[in-house]
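Participant: Mind looking over this structure? Questions follow.
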Amino acid sequence: MTQVYQWCSWFKDGRTSLQDEPRSGGPNTANNDWNTARVDELIKVDKRVKLKEISLKLDIPKTNVYEIVHDKLGCHRVSARWIPKMLLDKHKRQRVEISEILLHRCQQEGDETVDVGPGGDHRARNKLLEHLITGDETWLHLSTPETKRDSMTWKHPSSPVTKKFKVQQSATKVMATVFWDSRGIILLDILPKGESVNADRYCETLDQLRHAVRCKRPGLLRSGVVLQHDNATPHTAKRTKEWLERYRWDIIHHPAHSPDLAPSDYHLFGPIKRHLGGKKFEDEDELIGEVRDWFSKLDANFFTQGIYSLSHGGKNA
């Protein structure tokens, strides 16, 4: 309103032009190529430098610094992306070594064409990945909070802001070990209360897995199982190694802190946790029943995609 009153006063004094009158001072020359290069150099040296600090160091008005940074250099401030773990050199070497073994075996054992339907359709399948069974453990809670993404809703401009109370995960939880392959779930094993996963317990789980393979994958025990699991202590213990050697199961480890090379981490556990998000269960039996029901409704292509993506993860590693 102040500007309106100012113009009214000028018109009363006889002014008729709407153009700016000549005024002292030269054009703005701070946004030149030289200053742009200086600002760019400061940002490259210190990614966290503030506009005020640039202004003081280069003796350039802060408004000009803003224009140089945003308009000329196209920079904008971003937050760092969280990653699960900072890999040590030995972890990086393990990633490369295991990825090279995986890719070499996929190429060496080659693809074969198989029928996938009565219509005569065919698809290529990799012999190694068709024999591969992957297994891993995860905690399942009686109540799992809904993720922020899954709880998003549409909002009109006039709608009130939606509120959501923070919910903690239930302290009651069960340890689930899941073994699956390119065709589906083979075994879901629940650790009894009060027990821990050690070599003896893991070998008992492998006994259950072997029985499940005989029932659900006829011929696989004879043609050869390729088991992928991590290098946790129960998996690398002497007794476990003896069990695997006795039944001549081939082993492909997935390296530590590398979820992109573990199908359960990058493909299976995330969706099941999202499915359980926002649900509350009275007891462990109800929780496990829900998990089994969810597994049974998954399309076979879901599992095929998860296993075959393993070779892509190996290339990226």
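The values are calculated or read from the model by the stated rules, or taken from the named source; none is laboratory data. Computed from a prediction, not measured in an experiment: that's the story for all the values here. Quick reminder, even Gly has a Cβ in these numbers, built from the backbone with ideal geometry, and neighbours come from all protein chains shown.
Participant: Looking at (1) closer than 18 Å to Ala262 by Cα; (2) at pLDDT 90 or above; (3) out of contact with any His (no Cβ under 9 Å at 6 or more places or on another chain); (4) among the hydroxyl-bearing types (Ser, Thr, Tyr), find the lone condition where Thr134 falls short.
Facilitator: (3)
Participant: Evaluate the following for Ser24: is it over 35 Å from the mean Cα position of the chain (by Cα) and either at pLDDT 80 or above or of a type in the set (A, V, I, L, M, F, W, C) (or both)?
Facilitator: no
Participant: Sticking with this one: Any idea which of (1) in a loop (DSSP other than H, G, I, E, B); (2) at pLDDT 95 or above; (3) hydrophobic (A, V, I, L, M, F, W, C) is the one Ile186 doesn't satisfy?
Facilitator: All conditions pass for Ile186, except number (1).
Participant: If you don't mind, there's one more thing I want to ask. Taking the condition β-branched (Val, Ile, Thr), at pLDDT below 90 and surrounded by 14 or more Cβ atoms within 10 Å (Cβ to Cβ), does Ile272 pass?
Facilitator: Taking the combined requirement at face value, the residue does not satisfy it.
Participant: Can you give me the number of residues within region 227-242 that are of a type in the set (A, V, I, L, M, F, W, C) and either surrounded by fewer than 18 Cβ atoms within 10 Å (Cβ to Cβ) or in contact with an Asp or Glu (Cβ under 6 Å, 6 or more places away or on another chain) (or both)?
Facilitator: To start, the set of residues in region 227-242 that are of a type in the set (A, V, I, L, M, F, W, C) comprises 227, 232, 237.
From the residues that got through so far, the ones that are either surrounded by fewer than 18 Cβ atoms within 10 Å (Cβ to Cβ) or in contact with an Asp or Glu (Cβ under 6 Å, 6 or more places away or on another chain) (or both) too are 232, 237.
Residues flagged as of a type in the set (A, V, I, L, M, F, W, C) and either surrounded by fewer than 18 Cβ atoms within 10 Å (Cβ to Cβ) or in contact with an Asp or Glu (Cβ under 6 Å, 6 or more places away or on another chain) (or both) within region 227-242 amount to 2.
Participant: Tell me which of these Phe295 doesn't satisfy, since it passes every other one: (1) touching a residue at least 12 places away in the same chain (Cβ under 8 Å); (2) farther than 17 Å from Asp189 by Cβ; (3) more than 16 Å from the chain's Cα centre (by Cα); (4) part of a helix (DSSP H, G or I).
Facilitator: Status for Phe295: all satisfied but (2).
Participant: Taking His122, is it farther than 26 Å from Gly277 by Cβ, surrounded by 10 or more Cβ atoms within 10 Å (Cβ to Cβ) and modelled with pLDDT under 60?
Facilitator: Yes; evaluated as a whole, the condition is true for this residue.
Participant: Answer yes if at least one residue in region 212-226 is in the same structural domain as Leu102 (by TED's automatic domain parsing), assigned to a strand (DSSP E or B) and over 19 Å from the mean Cα position of the chain (by Cα), and no otherwise.
Facilitator: Yes - at least one qualifying residue is present in region 212-226.
Participant: Given the conditions (1) at pLDDT 85 or above; (2) out of contact with any Leu (no Cβ under 9 Å at 6 or more places or on another chain), report the number of the one that Leu129 does not fulfil.
Facilitator: (2)
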